[in-house]
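For reference, the structure discussed in these notes is given below.
The values are calculated or read from the model by the stated rules, or taken from the named source; none is laboratory data. Owing to the predicted nature of the structure, the values given are computational and were not obtained by experimental measurement. Virtual Cβ from ideal backbone geometry, glycine too; neighbours counted across all protein chains shown. These accessible areas exclude ligands, DNA and RNA; they are computed on the full protein's heavy atoms, side chains included. Shrake-Rupley method; radii C 1.70, N 1.55, O 1.52, S 1.80 Å.
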Amino acid sequence: MRSPETLLAPKHSHHERQERIITEALADRWPDPARQQALRLVAMVGLGTLPLAIRLDALSRG
């Protein structure tokens, strides 16, 4: 049986890739290097709330 870390590694890798893509897209729009940490935070929060938004939408459609 694989360890929990092994099982979560692909999911973590996918999440990091999504975060990087979103951060890069935001940086294209707002290229100021001083904003990079804030843009990364926006990407992280967006990715974190997406599953909740999907679940709430599914519940509301009932």
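Among the residues of the stretch 12-24, what is the count of those that are farther than 13 Å from Leu47 by Cα and either modelled with pLDDT under 95 or hydroxyl-bearing (Ser, Thr, Tyr) (or both)?
1
Take the conditions in a helix (DSSP H, G or I) and at pLDDT below 95 and apply them to Ala27. Does it pass?
Considered against the rule, which asks whether it is in a helix (DSSP H, G or I) and at pLDDT below 95, Ala27 comes out as no.
What about Glu5, is it of a type in the set (D, E, K, R), in contact with a Leu (Cβ under 8 Å, 6 or more places away or on another chain) and either open to solvent by 60 Å² or more (accessible area, probe 1.4 Å) or part of a helix (DSSP H, G or I) (or both)?
No, not satisfied.
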